[in-house]
1. Residue check: is Thr41 surrounded by 15 or more Cβ atoms within 10 Å (Cβ to Cβ) and not in a helix (DSSP H, G or I)?
2. Which one is modelled with the highest pLDDT, of the residues in the range 60-98 that are of a type in the set (S, T, N, Q) and part of a helix (DSSP H, G or I)?
3. Assess whether Val145 counts as being under 27 Å from Ala72 (Cα atoms), at pLDDT 90 or above and part of a helix (DSSP H, G or I).
4. Which residue pairs have Cβ atoms under 8 Å apart, sit 6 or more places apart or on different chains, and have a first residue in the range 45-64 that is over 12 Å from Glu26 (Cα atoms) and a second that is of a type in the set (A, V, I, L, M) and surrounded by fewer than 18 Cβ atoms within 10 Å (Cβ to Cβ)?
5. Taking only the range 130-187 into account, find how many residues are among the acidic types (Asp, Glu) and under 16 Å from the mean Cα position of the chain (by Cα).
6. Can you confirm whether Met178 is of a type outside the set (Ser, Thr, Tyr), within 21 Å of Asn91 (Cα to Cα), modelled with pLDDT under 80 and in a helix (DSSP H, G or I)?
7. Taking the stated definitions as given, is Thr200 open to solvent by less than 50 Å² (accessible area, probe 1.4 Å) and either at pLDDT below 80 or touching a Phe, Trp or Tyr at 6+ places or on another chain (Cβ under 8 Å) (or both)?
8. Just the residues that are farther than 30 Å from Arg119 by Cβ and open to solvent by less than 80 Å² (accessible area, probe 1.4 Å), please, taken from the range 67-83.
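The values are calculated or read from the model by the stated rules, or taken from the named source; none is laboratory data. A quick note: this is a predicted structure, and the numbers were derived from the prediction, not measured. Counting neighbours? That spans all protein chains shown, and the Cβs are built from the backbone with ideal geometry, glycine included. The accessibility values were calculated without ligands, DNA or RNA, using every heavy atom of the protein model including side chains. Shrake-Rupley method; radii C 1.70, N 1.55, O 1.52, S 1.80 Å.
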Amino acid sequence: MSDDGGQRARTSAQPSRGTATALRIERSAVALVVQHGFDDTTVDMICADAGVSQRTFFNHFATKDAAVIGTAEPRLDEQRVRAFIASNDANILAEATTLVSVAMMDAAADHELLAARMRAITSSPVLMQRQLERFSAIETELAEVIHYRLVRVSPADESAERLAEQSRLTAMLLAGAMRYSAGRVMQAAPGSVSDALDDTRQLLIDLLPKLSGGASATTRRDS
């Protein structure tokens, strides 16, 4: 490898200065909104707390709410998606929550920042609406992933229209699980965010047999 190539490799392995600046602005925006509320937090306050100029702020974020929500778009992990589609686990809804958890965790690798961001977002209707808009793309993608799984495990004579509706409904149920997980994340101590997300999945595993009248639920009630 040439010296130039080695330099490029070393540079790409480190966070860029712009990324570090954006993260500092995000931390300041989130902390100030948690402390003062969204309406009473100004761009001037965020810039002062982050130690940047307004020009630098607007080089990274078009609006104040964008700084609070952050630049990392929620996404699904491709490897987990492939594993989910190929899985034989009978509890599809509970297993699909692992995809939701990945989406949430990818949106902020810093768990403490993630929990603070959830508190900031849920404190403001404006931020809640923006976040719902961002996760609408994930909901569509989830429906597509779930459809692949349902096609594989469903009877051959089940109609394509029925499977499509089942996929959409499951994705909507997962959106509710996502909102529930967000509430658990807000209550979680720093470092225990992944435990809160895992607990959502376990709650679904325990709950779904009861909702469907499964044998395990009947056995416990009759015993």
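1. yes
2. It comes out as Gln79.
3. Here the answer is yes, as Val145 does meet what is asked.
4. Listed by first residue and then by second, the contacts come to Gln54/Val43.
5. Qualifying residue count, the range 130-187: 3.
6. For Met178, the condition - of a type outside the set (Ser, Thr, Tyr), within 21 Å of Asn91 (Cα to Cα), modelled with pLDDT under 80 and in a helix (DSSP H, G or I) - is met.
7. So Thr200 passes the test.
8. Matches in the range 67-83: Ala83 only.
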